[in-house]
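Okay, so here's the structure we're looking at.
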Amino acid sequence: MSDPLRRRFLSMVAGAAALVTSHAGYPKNQASKPRRFGMVIDLDRCVHCGACGIACSMENNVFPMGETSHPHARPIHWMDFLSSSTEASPLGEKPAPIPCMHCEEAPCVQICPVGATYRTPEGLVAQIWDRCIGCRACMVACPYSRRYYNFTNPTRPPGIATSPNPEVALRPAGVVEKCTFCHHRLRSTLLRRRLANELPRDEDFRQLPACAQACPAEAITFGDLNDPDSQVTQLARSPRSLRLLEHLGTKPKVIYLRGRA
Amino acid sequence: MRSSRWRVGLAVLLLLSLTGVGGWAYLQQLKLGDISTGLGTVGQGGVAWGLYVVLDGYYLCAGFVLMVAACLARFMANPDAEAFARIAMPVAITAFLAAGLSILVDQGRPLVAMDHLLRTARPGSPMFYTFVLLGAVCLYGNLVHCILARRADLAAFAQKPSFWQPLQKALAFGYRGTLSERLRRATCARAMSIGMLFPLTGILVAIATIFVVRPARPWLPTSLELASFFVLALSGGLGLLAGAAWLVIRLGAPGSGPSEAGFGRLGRALLLCSALSLFFVVAKTLVGVLSSEPAVHRHGLALVTGDYAFLFWTEVGGFFLGTIGLALLLWRQAWTPGKVVLLGLVLQIAVFMDRFLALVGWQTHGHSLPYLPGYYLPTRNEIAVALGILALAVLLLLPAVRLIPFAPLAYEPVLPAGSNLVRDWRRRLITWGWMGMGVVLLGVGFLSSARVGTLPSQDPILPGSPILVIVGLMTIVTTGAIYEWLPDRRKG
């Protein structure tokens, strides 16, 4: 890289960094308003195609790990499907998508001994892979069983030639992982709006996670539950809304809509 | 004597082999990842915590009971109680060491775990208390307590030339057996015995929380499970004590272990614990099977008639056999050490089964959501690692037994009537000052770790605060040594 070009590049980076770190020129009400992101899954719209699960795996570098990979399959599905296998499911008989609930009173956050699981200012339950010690206490504590342990190092099975998504870190063996509500997409969206000196709009978030984007029936909606005008808040107020295991007091932020039998 | 040496040599060889196999198995686990274990994903038919955590709970409970028994024995001026206490202390330390190793091999990233726990552990998690108290109190504190209790014996052993003589001399340095030293020993033994009970209870509560508290389990099954956890801890610990005492009698010098009457008293305590254990196991299972809560009902059925029926009925059979056997011994007044140990061993198996089922069964059958039930059995690799840990812990116990043999030389339970400690302000000042330093370190470390009033997931204010907590606790338990080791002031 030539000197003028390098100088220009560095000045651009410095300018962007200054813009991000300072609140100058940024709408004042944005900094003071806490966001609380959540998801609404309309089971009446869901066609049970499984596209959300596949999109999630591709986006977040969750490689398929089945019987062919090793004798004891310990598959990882950030977006899994709950079906009424043994008894009546609160989500109906057909397989229903079930990501991490990003609980407001998350037991996994409380029990993590080293702060590897924490709540972000946006209300997401996030995980620092590098800090995780692999004690698996969070897996036992999660009443929704939405956490997965990496029993081996990630290996792409033959046939998957695409390179992993560079925006999402690969998790090593010995750490626990889970759905992040595509936190990387959320951060880049917020940053893009901030650099443009604009407030993020509800439309920016609605189909933001990979699962919501891939859903052909638009059954998954994402957004700020603290914004009374957002679509996700409107849907959450529906009389069809229900939350899984609400009686446990975990306050899950994934809300299901289920009305028709 | 030669026969005894031959047996000890064979035992050492066996322990070394087991340690070697366990070490190799653990290397495999590190190399391949936890794929070499039988663990899986909760909700998909697997368990996140398996044999290692079961053993951690088992060893911690056994160590707790042994240590409490040793502490309580200090208040009884009884040779049998003293003999049991002498045996219980090193066995408890061995159990705590095995517990620590068991939890370490369970970590996905053991080196990272040691680093991150020491730097950023948070008191909001029960794991904090497990590792902090295990390191500072259960291992270090008990070691201090054990050495101080045997210091008079160490001084006597140090008179005879042996390989261990320099270390024995160092540990008994300055001890003359004067009346004031014996009085200080009695005061310190009482203070440490009472003081140690609090952190020991703390670690038992922490491990009980890990074993018993489960999402969506209602209060009645939880309460019964909790009561059962504590009672079974007593059964396991006293059974282990009986086994250890029997080994000491068989392999140790004459007069090392308790008498038959002592075994009789231990047998009666075991009978009570065994009967209570049986009651609680039956009660909690009945409550589970009859529960209207789907998860609790499913778990209860899995135990009684489902996947875990064989293990469950082995457990019930163990407690039943133990209770009946011990009741018969009581009826006939035939408390022989061999019979008590045999029934204690049966109880150990039953306690282990209960710990296994309590931890594993709930993960595979206690889901709050309608996931498919699963099953868990440890792999050969896990069993080899677990046996290796046990063998290593016992191997480390052997030099300790050579350093401080179980046979007492200087046991004088009764102090002369009317003897009182002379007030020594210098000793008091130094002792309280030392303890105050420990309390300050503990307080600063704890408050920095806990960050009261802030988010629970935040890092400690001072990096490495858990180390401060550990050092503070270690300083506090060292107070006993400071109090006893400070020499008397010379008159004039």
Matching residues, the range A:207-230, being farther than 18 Å from A:LEU257 by Cβ, in contact (Cβ under 8 Å) with a residue 40 or more places away in the chain and hydrophobic (A, V, I, L, M, F, W, C): A:ALA210, A:ALA214
So for the range B:325-332 (the condition being free of Cβ contacts under 8 Å to residues at least 40 places away in the same chain, in a helix (DSSP H, G or I) and surrounded by 15 or more Cβ atoms within 10 Å (Cβ to Cβ)), does at least one residue qualify? yes
Would you mind finding the one in B:THR222, B:THR130, B:THR187 that is among the hydroxyl-bearing types (Ser, Thr, Tyr) and farther than 29 Å from A:VAL114 by Cα? B:THR187
Only one of these is free of Cβ contacts under 8 Å to residues at least 60 places away in the same chain, within 21 Å of B:GLY325 (Cβ to Cβ) and touching a Ser or Thr at 6+ places or on another chain (Cβ under 9 Å): B:LEU234, B:LEU271. Name it. B:LEU271
Can you tell me which residue is farthest from B:ALA481 (Cα to Cα) among those in the range B:166-186 that are basic (Lys, Arg) and part of a helix (DSSP H, G or I)? B:LYS169
In this structure, is B:ARG150 within 14 Å of chain A (Cβ to nearest Cβ) and either among the charged types (D, E, K, R) or out of contact with any Leu (no Cβ under 7 Å at 6 or more places or on another chain) (or both)? no
Does the range A:124-144 contain any residue that is in a loop (DSSP other than H, G, I, E, B), more than 21 Å from B:VAL47 (Cα to Cα) and away from chain B (no Cβ under 11 Å)? yes
Residue count, the range B:301-324, condition part of a helix (DSSP H, G or I), in contact (Cβ under 8 Å) with a residue 12 or more places away in the chain and more than 27 Å from the chain's Cα centre (by Cα), comes to 4
When you go through (1) more than 22 Å from A:ALA141 (Cα to Cα); (2) surrounded by fewer than 24 Cβ atoms within 10 Å (Cβ to Cβ); (3) of a type in the set (Val, Ile, Thr) one by one for B:VAL65, which number turns out not to apply? (2)
Complete set of residues in the range B:113-147 that are under 16 Å from B:VAL205 (Cβ atoms), at the interface with chain A (Cβ under 9 Å from one of its Cβ atoms) and within 21 Å of the chain's Cα centre (by Cα): B:SER125, B:PRO126, B:MET127, B:PHE128, B:THR130, B:PHE131
Pair list, Cβ < 9 Å and 6+ apart or interchain, from the range A:93-112 residues that are more than 21 Å from A:SER57 (Cβ to Cβ) to residues that are surrounded by 24 or more Cβ atoms within 10 Å (Cβ to Cβ) and of a type in the set (Phe, Trp, Tyr): A:CYS103/A:TYR144
Residues of the range B:430-466 satisfying the condition of being within 14 Å of chain A (Cβ to nearest Cβ), assigned to a helix (DSSP H, G or I) and out of contact with any Ser or Thr (no Cβ under 7 Å at 6 or more places or on another chain): B:ALA450
All but one of (1) within 21 Å of B:ALA69 (Cα to Cα); (2) buried (at least 21 other Cβ atoms within 10 Å of the Cβ); (3) of a type in the set (A, V, I, L, M) hold for B:LEU139; which doesn't? (2)
Filtering the range A:97-118 down to residues that are at pLDDT 90 or above and not in a loop (DSSP other than H, G, I, E, B) yields A:PRO97, A:ILE98, A:PRO107, A:CYS108, A:VAL109, A:ILE111, A:THR117, A:TYR118
Selected residue [buried (at least 16 other Cβ atoms within 10 Å of the Cβ) and out of contact with any Asp or Glu (no Cβ under 9 Å at 6 or more places or on another chain)] from B:ALA191, B:ALA206: B:ALA206
Among the residues in the range B:83-103, are any closer than 20 Å to B:GLU382 by Cβ, in contact with a strand residue (DSSP E or B) (Cβ under 8 Å, 6 or more places away or on another chain) and within 9 Å of chain A (Cβ to nearest Cβ)? no
Filter result (among the aromatic types (Phe, Trp, Tyr), within 14 Å of chain A (Cβ to nearest Cβ) and either under 17 Å from the mean Cα position of the chain (by Cα) or farther than 15 Å from B:THR364 by Cα (or both)) within the range B:35-82: B:TYR52
Could you run through the range A:240-261 and say how many residues are touching a residue at least 12 places away in the same chain (Cβ under 8 Å) and away from chain B (no Cβ under 14 Å)? 8
So which residues in the range A:213-234 are more than 17 Å from A:ARG35 (Cβ to Cβ), outside any loop (DSSP other than H, G, I, E, B) and touching a strand residue (DSSP E or B) at 6+ places or on another chain (Cβ under 7 Å), if there are any at all? A:ILE220
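The values are calculated or read from the model by the stated rules, or taken from the named source; none is laboratory data. These figures come from a predicted structure and were not determined experimentally. Heads up, the Cβs are rebuilt from the backbone with ideal geometry, glycines too, and the neighbour counts pull from every protein chain shown.
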